[in-house]
1. Of the conditions (1) within 37 Å of the chain's Cα centre (by Cα); (2) of a type in the set (D, E, K, R); (3) closer than 23 Å to Met326 by Cβ, Asp299 fails just one. Which one is it?
2. So in the range 339-381, with the set limited to residues that are more than 22 Å from Ala263 (Cβ to Cβ) and assigned to a loop (DSSP other than H, G, I, E, B), which one is modelled with the lowest pLDDT?
3. Could you figure out which of (1) at pLDDT 50 or above; (2) buried (at least 17 other Cβ atoms within 10 Å of the Cβ); (3) in contact with a Ser or Thr (Cβ under 8 Å, 6 or more places away or on another chain) isn't true of Asn290?
4. In the list Ser229, Ser251, Ser235, which residue meets the criterion of being closer than 30 Å to Arg339 by Cα and modelled with pLDDT under 80?
5. Would you be able to say whether some residue in the range 608-620 is touching a residue at least 60 places away in the same chain (Cβ under 8 Å), in the same structural domain as Asn465 (by TED's automatic domain parsing), among the charged types (D, E, K, R) and not in a helix (DSSP H, G or I)?
6. Within the range 409-416, is even one residue crowded, with 17+ Cβ neighbours inside 10 Å and either among the hydroxyl-bearing types (Ser, Thr, Tyr) or not assigned by TED's automatic domain parsing to the domain that holds Leu499 (or both)?
7. Taking the range 674-730, which residues are of a type in the set (Phe, Trp, Tyr) and touching a His at 6+ places or on another chain (Cβ under 9 Å)?
8. Which one is nearest to Phe542 (Cα to Cα) among residues in the range 562-587 that are part of a helix (DSSP H, G or I) and among the polar types (S, T, N, Q)?
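The values are calculated or read from the model by the stated rules, or taken from the named source; none is laboratory data. From a predicted model like this one, the values you see are computed outputs, not experimental measurements. Reconstructed Cβ throughout: ideal geometry from the backbone, glycine too, with neighbour counts over all protein chains shown.
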Amino acid sequence: METSKFRGHMFPKSILNISKYILPTIFSSLHTISISLVPLSSSSTNISSINQHKMVLIYVKSGVWMSNLSDEWSFLPDKQRRGRTVTLETTTSLEELKIMVCEDYGVDPNLVTVEFSYEMVNQRGNPPISMSNDRQVSNFVGYAKKDSSTTLCVTFSGTGTGVKEKERVKVDLNKEPCDSSNVEEGEVPDINLGDFAEASREHRDKRKNHVGVDGSGDDGLKSENYGDSEKKEKSEAGNPDFVKKDQLFRSKRVLKATMEIWAMKNNYDFIVTKSTKKWWSIRCKDNTCNWTVRAECVDGSTYFMINKCVGIHSCAPSKKSKFGKMASARTIGKLIQHRFDDASDGPKAKDIMQFMRMEHSCEITYWHAWEAREYAIAAVRGIPDESYAKIPSYLHMIKEANPGTHTHYETKKDGRFMYLFMSFGQSVRGFRSSMRKVIVVDGTFLKNKYKGVLLVATAVDGNSNLYPVAFGVVDSENNESWEWFFRQLNVVIADSKDLAFVSDRNASIAKSIGTVYPRSKHGICIHHLLTNVVKFFSTKGFTALVEKASKAYRHCEFQERFTEIVDISPALGRYLQEADVRKWARSLFPGSRYDIRTNNPAESINSVLRSPRQFPVIPLLDSIRELLTRWFYERRMLSSKHIDPLTVKVEKKIDRRIVKARGFQVLKVDNFRSLVKGDIYDCHVDLEARTCTCGKFDIGKLPCRHAIPAIYSRGMEVHRFTDSVYSTATWRDAYAESINPIPVPEAEWNIPDVVKLAKILPPDTRKSSGRPVKRRYETVEDKIRSSQGSTKKKKHKCSRCGMEGHKRGTCDFKISEKF
């Protein structure tokens, strides 16, 4: 085998032929050299000779370390200097390393200062690790043996570097093309305002203040000063140190936003003289002023570098006719977007106007502030049009993070979105094992650009908390959309005679339940029925009668109330019969409905999602996931600390019934049956069958006030006669699992090709029919109280004289006359 001597050691020529090991050509800058470990084939028989000397073969490349105002560091390589290799061992000293690198690059080590640094793989973005002694060189070699991707940067400074001062800095991001905008004044930057790079240590030393777009530690709308302002040597001509020649900006949009903020703060105005993919040039709006800035896009990157800058204004302040240039709405939106990170509505337009007035000493119009708010919301919550395209990927990642989750979506033939369904596996398993088999369904409108309807299916746990089971997004509430939703729900919750649904009187829901769940029972919300009674039958007292009839636990009590209704208004009696008495009367419902008489659980979820309903579809779904994650965690913690046999709210209900049961007389019939006296009527209690003639024990599955003394008379405990869904153990089982978020950021999602190929377009938009509703409607409770005559209409009092019957504007009484 042929060998050659290299730096005092014998190596096979196959190893010294390093060209086939060198990494692809890397772009770099002029002052730094980067060194990377070169991987060798483990199958080579020549590696043993290297291992005997504990040496590693290192690849060398040149470049420059740079950081942005967010303190994120990156290495910019230089493709002109090409690469070198050196061999290092744990005993190599810092001086020996310096001599080897300088020799390979033809630099006199006596005329330059050399600074070594490297970056650890798990510390990407942090400042590099400097090497200043032999021990640190040994640490680097040891680390490089474990990680072949380790990079060492060597920075030269001094007169002997052999680098021309005006050599162009070459930047390579290889992530996105140059800004394709060709518009002059109309462009609006969509950037992080602190995200511009610096080309030298001098610039890095001057990074004092920048716009605080993350809002950390900020209770209100506040921002820090933006730009390089170490000494703020301001004069009548402005701050010449803010912008300098050869200064780098991460993109054209960042450059434009920087200039807008600077002009706004320093009361100057400029016009764009050229704006293309390659160039961006501006000058002072005053034709007599020499101030100008010209920037060029660095080849192969998105970076823009200033190559011409006349930084001192020569225009006279007295000649100005208005304040400086106003920042664009999108730039202002970037300043405030951190205030929209949560589910809150964020600042309003008037708040933004006040923020710009107080923090930046400039006045903006209401509509300018409104547009800035819209840009901020879009930056945080996403653009609605793009959100639909992410549906397949998002649903795939949700299923990966939460096993057993069922998701599905439908599109039209042209690829436009129609329906979406999502049900977490943890919720479904908890419903099957720990919930009352009653599902409340409802729909509510969405308020984003494409409108639509959010469908919700929820249960109620043993502690009377909402337990969402499934969600759907559809175009509108109609027969097709509801049937599609129930068919998807049927995939995770099968049809059963023990299952019951509660909804409003939507005909599409009733029809779809009859089609998809023929064995289940369907009840209607009593509040919606009462609303219709008030709407169609205006006679006072009807609503209260219907309410009492629906609440009756005994059939005879219901029959008595209903007969009274028919006698007063036969038309109302016919209407209630057409609505199917078995669906709204508690005592006649054919299934197990427990005490769930309304669709309030579903409407409560709609209320919780009031703000997310304004979001695009993906942020909406993630807000739902975040809500369930929080609920499951909080209730898991609460149930784990609860030591009573029944849940918190059930224990309180039992306590109230115990108080009402005091003084009742119990006459035992046998070991389980008793006659309880002392109430309005005598009740027969059967503890074995868990029934009572009052009806509450049968329907609610909790011992009533008559059953409790019967239980006490036998020396037994009440919790033994409650339904298992009310037990603390069942409550804990319902929340034993966690709803998991997607564990990696969107950029790192691992999506199969078949999912990537799925394309979803936004749905067709249409104007809602009818006049927009603006007034607040009276609640059902208000209508019930009004029909019972419990509230009287208040007469208006004059704020001037205090007398009733007129207003202040028409008051002609003397103040003294009221006395």
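1. Only one criterion in (1) within 37 Å of the chain's Cα centre (by Cα); (2) of a type in the set (D, E, K, R); (3) closer than 23 Å to Met326 by Cβ is unmet by Asp299, namely (3).
2. Taking the candidates together, the pick is Ala343.
3. For Asn290, the failing item is (2).
4. Ser229
5. Checked against the condition, which is being touching a residue at least 60 places away in the same chain (Cβ under 8 Å), in the same structural domain as Asn465 (by TED's automatic domain parsing), among the charged types (D, E, K, R) and not in a helix (DSSP H, G or I), the range 608-620 yields no hits at all.
6. Checked against the condition, which is being crowded, with 17+ Cβ neighbours inside 10 Å and either among the hydroxyl-bearing types (Ser, Thr, Tyr) or not assigned by TED's automatic domain parsing to the domain that holds Leu499 (or both), the range 409-416 yields at least one hit.
7. Phe697, Tyr726
8. Thr563
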